[in-house]
Structure formats: structure tokens, C-alpha cells
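Presented below is the structure to which this report refers.
The values are calculated or read from the model by the stated rules, or taken from the named source; none is laboratory data. Nothing here was measured: the structure is a model prediction, and the numbers come from that model. When we count neighbours, we look across all protein chains shown, and the Cβ atoms used for this are built from the backbone with ideal geometry, even at glycine. All accessible areas refer to the heavy atoms of the entire protein, side chains included, with ligands and DNA or RNA removed. Shrake-Rupley method; radii C 1.70, N 1.55, O 1.52, S 1.80 Å.
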Amino acid sequence: MRYALDKENNKIEVSFSGELAKCGICDSNVKGRKGEQRIKHWYHHEKKTIDCDDWYEPISEWHLKWQNIFPKKNREVPITNNKVSHRADILLNNGLVIEIQNSPIKFSEIKKRELFYGKKNLIWILNGNNLAKNSILNEDVFTFIKKLTISIPKKFELIENYNFKNVLNDIIEKTEIGYLKSDKNRFRIENENTLVFEFLDDKITDFYLTEAQYKYFIACVYESLYDQIGLDNFRQKIEIDYSSIFEEVRELRLIKKYWKKFIDKMEYPVFIDNLNGLKENEIFYYQKNRIINKNKFIDYYLKYA
Ligand SMILES: [Zn+2]
């Protein structure tokens, strides 16, 4: 552990090897260790176990870097629930616990920690250098270049029980126009009566139909619902527009290699630091598949320190 208590119950770090202090959780004597090999820490020299907190993990530089962002009072804070105590890596004033995870952890441990700290609230920060070393974050860029809109009338006086929603539905469900929704093409309904398709640059030749063909399919749907009454008139009211657009869409994709499956067991928000494909000042919000500016991330949580 990083902090122990001196005689006045001040939270102190090790300043020399052999220094004596008290554990903030179990009150037993602890001794300071400071050397070349490992980061200075306190250990329980009178006990068989090195630490009374069985969730203990050796301190890493990366760990310290994250802890040091927050004031000392928020670092390594003992929390007690039902007479069991653990040291939260960071406990903010609003009760949020930030667990800084540098090394692999068992499924069962995740559950335990989430139950324990989750009573307050919890986020995880993982070290991608250790826990996602072979995975990489990629950005796929899709360019939409064509837009097709098909409108049918909302009202059509020649037919008593005319219902444009039924017609639209059948166009999508029962004609080849419905295939245009496939793959990465985008589809939406605008103003209730307009079908909008947007096509990616490499998908143009496969789908393209002529205006006459679209109208033919729609007329078939109309006919199956209302016979031929007013068919020609209805046909004339169909509006079809085909135009060029240019819209780039970027999509993040985490390519998982030798992926540590325990990460997917974490139910609280997981942020991965040091992930391949991230810039120095970025951190990855795993469940939301989103890159976040690290400074903004830190500023957000520092408000509660
Ligand atoms: Zn202790």
C-alpha cells in the first residue's frame, strides 16, 4: 500500500526503508520499503500476509500517475462495508470510486469489487499496455455519396380507405426497394411519407433502378391493396428524387487480439488508457465505443475531488 498513518494519524508515504507506521485499516504496524526494484510501499511486517486488504496489488508507475492527478485525501481511501474494508484507489467526494486496474483480474474478483464499491458508484480505468496490449483501435471511414428519396401522397381522395402507412410498409416489406436498406446503406422515413436511402460510394451499381422501375414496384403495391382504381393518378403523385451527397461517417472499431475477456464482465464504465490507436491525450470509453479527451475526462472527475 502507498499510504499509512503516522502517530498523529496523518496519511504518509514511505520516506526511508524500515520506517514504521500504522495501517489505516487494521491498525497493525507496517514498515516502509524503498528500493531500486519496486515502488516504495508499506507492508505488514508482523503478519503472514503482506497486506490486510486481500485485493492488494503491487503499485505501478501508471497507477501512481493516475492517483497523483487527485488530491492526497482522495487517494487510496479505506472503505468499510459490513465490517469488511478495502482501499479504493481513488474515492471522490461525491462517493464515486475509481479503480485503477493495471493487471489481470479474475471474473469472481470483478463481481466482488463491483458489489462492494458499486454501493457507492464505480468506474474502472484499465492500463491498455498490460490488459489490451495486442488490441488496436481503428477508425473506418464510410462515404455516403447518393441519396434517393421516394414520397407517396399522404392523402388520396379517390380511395376511401387509403392509408399511406400501409402502402409504405408494403413497399419496404414486399418489393425490391426494401433491399436498398441492406448493408451499411442508411435508411430512414422522413415526414412520415418519404423513404430516404443513402448509399455508400461502393454500392452504387448494384442497386440502381430507374425511376420507372421504382414507380412500377410502388404501383404493384398500390394495386394489391386498392386494385386499379385511381392507379394512374396515384402513380403521378409518387415523387422520386435521386441526388448526389457527400457525407463522411467515421466509425471506431476495436480490433481485439488476445482480448482479456474479463473486461467484458465489468458492468461499471470501463475506460482504457494506453490503447493502441489512441493519441497521448485520449482515453477510450469501452462500453460506449467512444474516444474521450483525457483532459476533459480528468477535469470532469476533478470537480468532485
Ligand atoms: Zn492492515
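Please verify whether the stretch 230-252 includes one or more residues that are more than 30 Å from SER151 (Cβ to Cβ) and either out of contact with any strand residue (DSSP E or B) (no Cβ under 6 Å at 6 or more places or on another chain) or not β-branched (Val, Ile, Thr) (or both).
Within the stretch 230-252, one or more residues are more than 30 Å from SER151 (Cβ to Cβ) and either out of contact with any strand residue (DSSP E or B) (no Cβ under 6 Å at 6 or more places or on another chain) or not β-branched (Val, Ile, Thr) (or both).
Within the stretch 256-264, does at least one residue satisfy the condition of being part of a strand (DSSP E or B), out of contact with any His (no Cβ under 6 Å at 6 or more places or on another chain), modelled with pLDDT of 95 or more and of a type in the set (Lys, Arg)?
No, the stretch 256-264 has no match at all.
Return yes when PRO78 is open to solvent by 40 Å² or more (accessible area, probe 1.4 Å), within 16 Å of the ligand (Cβ to nearest atom) and modelled with pLDDT of 90 or more and no when it is not.
Spelling it out, PRO78 is indeed open to solvent by 40 Å² or more (accessible area, probe 1.4 Å), within 16 Å of the ligand (Cβ to nearest atom) and modelled with pLDDT of 90 or more.
Hand me the list of strands (runs of 3 or more DSSP E) wholly inside the stretch 117-212 holding 1 or more residues that are open to solvent by less than 30 Å² (accessible area, probe 1.4 Å) and either farther than 30 Å from LYS65 by Cα or in contact (Cβ under 8 Å) with a residue 12 or more places away in the chain (or both).
So the answer is 122-127, 136-151, 194-200.
Checking ASN274 against (1) assigned by TED's automatic domain parsing to the domain that holds LYS184; (2) on the phi > 0 side of the Ramachandran plot: exactly one of these is not met. Which one?
(1)
In the stretch 46-65, what count of residues is obtained for those that are of a type in the set (A, V, I, L, M) and either free of Cβ contacts under 8 Å to residues at least 12 places away in the same chain or within 11 Å of the ligand (Cβ to nearest atom) (or both)?
Going through the stretch 46-65 one residue at a time, the tally reaches 1.
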